[in-house]
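Read the structure below first, then the notes.
Values in this text are rule-based calculations from the coordinates and carry no lab data. From a predicted model like this one, the values you see are computed outputs, not experimental measurements. Note: ideal-geometry Cβ built from the backbone for every residue, glycine included; neighbour counts use all protein chains shown.
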Amino acid sequence: MDWIKEQTRKLHRELIEMRRDFHEHPELGFEEHRSAEIVEKYLQNLGLTTKRVAKTGVVAMIEGDPKGPVIMLRADMDALPVQEENKVDYASKNPGVMHACGHDAHMTMLLGAAKILTEMEEPLKGSVKLVFQPDEENAGALPMIEDGVLENPKVDCALGVHIWTPLPSGTIGVSSGGIMSGLDVFQMRVKGYGGHSGYPETARDPIIAASDIVVSAQRIQTREISSMKPMTLVFGKINGGSKANIIPDEVTLEGSIRTLYDDREDPPINRLKSLAENVAKVHHCECELTWVRENIPLINDEKLVNEILPVAKEVLEDEEKVLPYRTMASEDFSEFTARIPGVFLFLGTGNEGKETHFPHHNPRFNIDEDVLPQGVELYVKGAMKYLESIVKA
């Protein structure tokens, strides 16, 4: 057994204890005060200097050859506004807040990686920037970037690992190109003219207009966007009216658009806006559409993916369990990969026997803690591989 794999396995009990402590004390975005203090103390005990970035974010450097490249290893820290339903002794103690997406495991794995990287006998061929990011669920990467996390020293590439229940434990998912979707969340106000259902011709019915918009909008995905460009357009909320015999003045709709390709030159949201406004006009109504871009698509760098593939196979000791994988979920690691080359991997943790197969953001979400050493090993060997490959290039 190689030294790194041996060390990660020796850390297993410590990793479990640390992950359960984080899980027991979840904190929402930019409120990760306790988590940040634990991260800082752990890193400082390793002899590293830490600094705060973007309120509750923590950054530290493991310095190797000063002439070498810099790789960023990132873990997110925030929990979700979910009431936990797991009957475990480490269940959340904070009512209505839960680590329902694996960020407790991500912090733990990166701390474990930091411990091993600082104990290496051979000096690193470059430096490793450890980044513990707040508020991933609401795009906390941008505040970190604005605070200079990619500078001083300048970061050359980035690596992220995400615990993933849709994949079985003992597998790793990785692909090049678009692997997680961009996300636009939109709101519509369809305004008409209210009236009596007994003589509807005197009204301008926003319910009919809104219904037509919902149906017509599906053409954007099936007729206006190439089938080679994956996207989804979903209306998740409609609200209007107060009584069966009253035609309301207004209907509101909310939904989302997800794209698994770089859509900056021709965003589908622009097509939806134009379609909605024109369909509303047909019904003598008006439509106002507003939206927020929550995430851009996460694009994995092809060269870096090719570098990580043999590492993933070595970690699992079975090349057939390293799988191509993409998802229409979103992740703000995309903000980093839009600025520097990066790769994001999915570490399978789904196991029905251990009840760790529930979806992310579900109140029964949990992880298979046996994969924690694999995540540590991915971070460590991934960092070393990239530093070596960049130096050779």
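One table, with the values for the structure above:
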read-out: Gyration tensor verdict on the chain (Cα atoms; rounded if a/c is under 1.5, prolate if a/b is larger than b/c, oblate otherwise); value: prolate
read-out: Local electrostatic count at R293 - Lys and Arg +1, Asp and Glu -1, tallied over other residues with Cβ under 12 Å; value: -3
read-out: Between the range 199-268 and the range 90-159, the Cα center-to-center distance that results, in Å; value: 38 Å
read-out: Highest-fluctuation residue, N239, N94, N351 considered, GNM on the chain with Cα pairs under 10 Å; value: N239
read-out: Rg(Cα) / (2.2 N^0.38 Å) computed for the range 125-270, rounded to two decimals; value: 1.54
read-out: Net charge contributed by nearby residues that have their C-beta within less than 13 Å of K87 (K/R +1, D/E -1); value: -3
read-out: Relative contact order (percent, whole number), the range 182-295, Cα cutoff 8 Å, 6+ residue spacing; value: 46 percent
read-out: Extension gain from V88 to H12, taking 0.36 nm per residue of separation minus the Cα-Cα distance; value: 25.5 nm
read-out: Choice from G102, G57, G195 with maximal GNM fluctuation in the chain (Cα, 10 Å cutoff); value: G195
read-out: Candidates E254, E24, E369, ranked by Gaussian network fluctuation over the chain, Cα under 10 Å, top entry; value: E254
read-out: Neighbour-count ranking [beta-carbon atoms within 10 angstrom, fewest first] of H33, H357, H103; value: H33, H357, H103
read-out: Shape of the range 191-329, Cα gyration tensor, a/c cut at 1.5; value: prolate
